[in-house]
1. Could you go through the range 95-108 and let me know if any residue there is in contact with a helix residue (DSSP H, G or I) (Cβ under 8 Å, 6 or more places away or on another chain), among the hydrophobic types (A, V, I, L, M, F, W, C) and under 30 Å from ARG37 (Cα atoms).
2. Determine which member of the set TYR269, TYR186 is surrounded by fewer than 24 Cβ atoms within 10 Å (Cβ to Cβ), farther than 21 Å from SER92 by Cβ and either of a type outside the set (Lys, Arg) or in contact with a strand residue (DSSP E or B) (Cβ under 8 Å, 6 or more places away or on another chain) (or both).
3. Any idea which residue in the range 143-181 is surrounded by the fewest Cβ atoms within 10 Å (Cβ to Cβ), counting only those that are small (Gly, Ala, Ser) and closer than 18 Å to ARG211 by Cβ?
4. Out of all the residues in the range 62-80, is one or more of a type outside the set (Ser, Thr, Tyr), assigned to a strand (DSSP E or B), at pLDDT 95 or above and under 30 Å from LYS239 (Cα atoms)?
5. Say whether the condition of being among the acidic types (Asp, Glu), at pLDDT 95 or above and under 21 Å from VAL246 (Cβ atoms) is met by at least one residue in the range 126-145.
6. For the range 12-20, check the following and say yes or no: at least one residue is of a type in the set (Gly, Ala, Ser), at pLDDT 95 or above, more than 27 Å from PHE235 (Cα to Cα) and out of contact with any Ser or Thr (no Cβ under 6 Å at 6 or more places or on another chain).
7. Output the number of the condition that ILE140 fails; it satisfies all remaining conditions of (1) surrounded by fewer than 23 Cβ atoms within 10 Å (Cβ to Cβ); (2) touching a residue at least 40 places away in the same chain (Cβ under 8 Å); (3) in a helix (DSSP H, G or I).
Amino acid sequence: MKIIDRLYEEVSQKGFVCVGLDTSYDYIPDQMKEGLRLSQAIFNFNKEIIDHTYDVCAIYKIQIAYYESYGIEGMIAYRDTLKYLREKNLLSIADVKRSDIAASASQYAKAHFEGDFEADFITLNPYMGMDSISPYLPYIESGEKGVFVLLRTSNPGANDFETVMTNDEELFFAIGDKMKELNDNYLGQCGFGPIGLVVGATHTKEVEKIRQRYPNQFFLIPGFGAQGADSLNVFKLLKNKNGGVVNNSRKVLKAYMDYEDGKDNIGKYAREAAIKTREVILANENL
């Protein structure tokens, strides 16, 4: 089964929530740190989240910056988290946002699609051009891996470059059209392809147009949760409750902090937060 068909099936069965394992050491209660190396404490925390959410989320996103910032210890936790997801037969997105060309990009592809840091999908920054995307194609052509390319991001500074006008349209549409053309060469049985797009849910006026223009591309949808995107925007980026995964990181990882017994029930409250994410978005179904 191609990786994109597998993702489609996971969303069909478990819903569209993506749990972001953007784990800061500060999120971990002291009782989980005692006597442990930093790498073990972070991994144990991630494992607790995974073990309580794997049946209510489609995929996990691991933002590499949170691990790189702790040096070797952090990267050991990153490696062990990805390994654990593979052992549990769960899907992963390595949020690495790589952008380079030729041999360098090929090495990035090898680093994140093979070996210690292997993930099922990775995020890419396309602003160096198509030769920053093509080195990943051998993995995509095999059907075993996929990518999410930055299109319309959820951060306030997105308008600095993404909406610059070119040929009477915003620049991000030129990027999306290139990715669509490429993606259409690799469609799976589900009708979607493995070259997805990162589309933030914070841009109310654009979400419907983006979904209509790119019907065969899976979306990685940030902005819901801590960034406060409207749940209706999120729902409009989906396609028949599929075709996208909605990332929620901090609201899931830190959910236990809102309860008196939270430190003893980290996984329980993470699970409740993941389920609530799905329910809040689905409340728009009949609008």
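1. Looking for residues that are in contact with a helix residue (DSSP H, G or I) (Cβ under 8 Å, 6 or more places away or on another chain), among the hydrophobic types (A, V, I, L, M, F, W, C) and under 30 Å from ARG37 (Cα atoms), one finds at least one in the range 95-108, hence yes.
2. Details: TYR186 fails: farther than 21 Å from SER92 by Cβ.
Criteria check complete, one pass: TYR269.
3. Quick first cut of the range 143-181, residues small (Gly, Ala, Ser) only: 143, 146, 154, 157-158, 174, 176.
Subsequent filtering for residues that are closer than 18 Å to ARG211 by Cβ retains 154, 158, 174, 176.
Values: SER154: 20, ALA158: 17, ALA174: 13, GLY176: 23.
Filtering first and then ranking leaves ALA174.
4. Checked against the condition, which is being of a type outside the set (Ser, Thr, Tyr), assigned to a strand (DSSP E or B), at pLDDT 95 or above and under 30 Å from LYS239 (Cα atoms), the range 62-80 yields at least one hit.
5. No, the range 126-145 contains no residue that is among the acidic types (Asp, Glu), at pLDDT 95 or above and under 21 Å from VAL246 (Cβ atoms).
6. Step one: list which residues in the range 12-20 are of a type in the set (Gly, Ala, Ser), which gives 12, 15, 20.
Now drop any that are not at pLDDT 95 or above, which leaves 12, 15, 20.
Filter once more, so that each one left must be more than 27 Å from PHE235 (Cα to Cα): none.
No, every residue in the range 12-20 fails to be of a type in the set (Gly, Ala, Ser), at pLDDT 95 or above, more than 27 Å from PHE235 (Cα to Cα) and out of contact with any Ser or Thr (no Cβ under 6 Å at 6 or more places or on another chain).
7. Here ILE140 meets the rest and fails (1).
Residues checked against (1) over 25 Å from VAL149 (Cα atoms); (2) buried (at least 16 other Cβ atoms within 10 Å of the Cβ); (3) β-branched (Val, Ile, Thr):
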{"position": "LEU38", "(1), (2), (3)": "yes, yes, no"}
{"position": "ALA41", "(1), (2), (3)": "yes, yes, no"}
{"position": "GLN63", "(1), (2), (3)": "no, yes, no"}
{"position": "TYR70", "(1), (2), (3)": "yes, yes, no"}
{"position": "ARG79", "(1), (2), (3)": "no, yes, no"}
{"position": "LEU91", "(1), (2), (3)": "no, yes, no"}
{"position": "ASP95", "(1), (2), (3)": "no, yes, no"}
{"position": "ASP100", "(1), (2), (3)": "no, yes, no"}
{"position": "SER104", "(1), (2), (3)": "no, no, no"}
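The values are calculated or read from the model by the stated rules, or taken from the named source; none is laboratory data. Note that the structure is a prediction, hence the values are computed from the model and not measured. Note that we place each Cβ from the backbone using ideal geometry, even for glycine, and neighbour counts take in every protein chain shown.
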